[in-house]
Ligand SMILES: Nc1nc2c(ncn2[C@@H]2O[C@H](COP(=O)(O)OP(=O)(O)OP(=O)(O)O)[C@@H](O)[C@H]2O)c(=O)[nH]1
Ligand SMILES: [Mg+2]
């Protein structure tokens, strides 16, 4: 798929505010700082479309970006960031749970995990919650420019081994680097098929 047009549509602080049209959402979630906003900019070839920050907790709202006037890329707030006040944090905040579990626009969810880290308890918990609720999702390993090809392969294998303890089937998986553009074609082709 070619992205010819990517425009910011709106920021919502609850799901009652998300666009009311019938365009479908493809959403991105993961721990704060994992690289969600950077990936959205990389996929759309649009630096500065989604706000990126080295300080975790940058994205606090549900951000809709309209792609090719046909569907939305959705940048969600990160989870697991301890410095966000407790009422806003929860384990997974209300804004995240409402969107992921109740928003009918959401068509597919990419869970981003840092390729450099061993499987993190909070990501596994989130993935388990998706499975229990039948939410269609895939996993994107981010920041792979920081790893050698061997380290990257080992990281994915380690993740699969951990997931295999609970799951019979593996979700779709992708490796990405927003620095280098890695994974762009694969992820966009997958989204194209989804839609
Ligand atoms: N080396 C490298 N750094 C990355 C990559 N993607 C993101 N980063 C860096 O990681 C930091 C966080 O990136 P964001 O895209 O803001 O992360 P986020 O998941 O949207 O964070 P929140 O909105 O705070 O939840 C920034 O300093 C980025 O420059 C990548 O592929 N490679
Ligand atoms: Mg962000």
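The values are calculated or read from the model by the stated rules, or taken from the named source; none is laboratory data. In this text the structure is predicted, and so the values were computed from the model without any measurement. Heads up, the Cβs are rebuilt from the backbone with ideal geometry, glycines too, and the neighbour counts pull from every protein chain shown.
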Could you say which residue among 157, 132 is modelled with pLDDT under 95 and either within 20 Å of residue 186 (Cα to Cα) or surrounded by fewer than 17 Cβ atoms within 10 Å (Cβ to Cβ) (or both)? 132
Does residue 50 meet the test of being buried (at least 20 other Cβ atoms within 10 Å of the Cβ) and either at pLDDT below 95 or outside any loop (DSSP other than H, G, I, E, B) (or both)? yes
Can you tell me which residue is farthest from residue 28 (Cα to Cα) among those in segment 163-175 that are out of contact with any helix residue (DSSP H, G or I) (no Cβ under 7 Å at 6 or more places or on another chain) and surrounded by 15 or more Cβ atoms within 10 Å (Cβ to Cβ)? 163
Does segment 4-26 include one or more residues that are touching a residue at least 12 places away in the same chain (Cβ under 8 Å), touching a helix residue (DSSP H, G or I) at 6+ places or on another chain (Cβ under 6 Å) and in a helix (DSSP H, G or I)? yes
Does any residue of segment 91-99 turn out to be over 27 Å from residue 12 (Cα atoms) and outside any helix (DSSP H, G or I)? no
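Conditions (1) without any contact (Cβ under 8 Å) to a residue 60 or more places away in the chain; (2) more than 17 Å from residue 11 (Cα to Cα); (3) more than 10 Å from ligand 1 (Cβ to nearest atom); (4) more than 14 Å from the chain's Cα centre (by Cα), marked per residue:
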residue: 32; (1), (2), (3), (4): yes, yes, no, no
residue: 35; (1), (2), (3), (4): no, yes, no, no
residue: 45; (1), (2), (3), (4): yes, yes, yes, yes
residue: 51; (1), (2), (3), (4): yes, no, no, yes
residue: 54; (1), (2), (3), (4): yes, yes, no, yes
residue: 59; (1), (2), (3), (4): yes, no, no, no
residue: 67; (1), (2), (3), (4): no, no, yes, yes
Examine segment 89-99 for a residue that is surrounded by 13 or more Cβ atoms within 10 Å (Cβ to Cβ) and more than 30 Å from residue 162 (Cβ to Cβ), and state whether such a residue exists. no
Within segment 120-155, which residues are over 16 Å from the mean Cα position of the chain (by Cα) and part of a loop (DSSP other than H, G, I, E, B)? 133, 134, 147, 148
Please tell me if residue 115 is within 15 Å of the chain's Cα centre (by Cα) and at negative phi. yes
